[in-house]
Amino acid sequence: MNKLAIRLLTLAILSLTLAAAPVVTVVYANPDNEPPPPPKKKKSSEARPGSEQTAFVDGYRAAYAAIYERHDYASAIEQLKALGRDDSAAVANLIGYSYRKLGDYKVSQIWYERALKADPNHVKTWQYYGLWQVEQGNRDQAQYHLNRIAQLTGTSIEEYRSLAAALEKPPGTGLVY
């Protein structure tokens, strides 16, 4: 066989292998300490390029620090709402988390559902909403959330392990996550 024929045969086999391979979509958990991507740009001649995004990133990080470093949930809620991006899953999730930490479970649930509506694959929301379910005694729903995380990313990430650990605790222990 000549070299051209061997190359064509190799190319044909590779092409068939790639065509027959299943399509795999991998979803990675986006750490919530990183701000979500910027919204679609609207034309504005007044704003400097990037200044709006820089203000958003700074505000998001300040709210994140208020939540996780200072546990100042009320302040964080106001900071996050002031960003004007509560249609973002990451922002809505942190608002929901803050309301949950303040004990306002009904409002927290609204924000978690808003986050999942914005991005049904937002792993951190599945985790936090699952913990919300555990706190409410809805263990079957929390298990559903855990299964959803496993479908999206597998079982080796922190979000999965955290919710799985909460579900391993006996019901009614009154633990808050």
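The table for this structure:
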item	result
Segment Q141-D58, length gained on full extension (0.36 nm per residue, minus Cα span)	26.4 nm
Relative contact order of region 121-177, pairs being alpha-carbon contacts under 8 Å that are 6 or more residues apart, as %	39 percent
Relative contact order (percent, whole number), region 50-119, Cα cutoff 8 Å, 6+ residue spacing	26 percent
Ranked packing of 88-100, 71-83, most packed first, by mean Cβ within 10 Å	88-100, 71-83
Length released on extending from S51 to I110, taking residue separation times 0.36 nm less the Cα-Cα span	18.2 nm
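No value in this document is a laboratory result; all are computed from the given coordinates. If you're wondering where the values come from, they're calculated on a predicted model, not measured in any experiment. All Cβ positions, glycine included, derive from the backbone under ideal geometry; neighbour counts span all protein chains shown.
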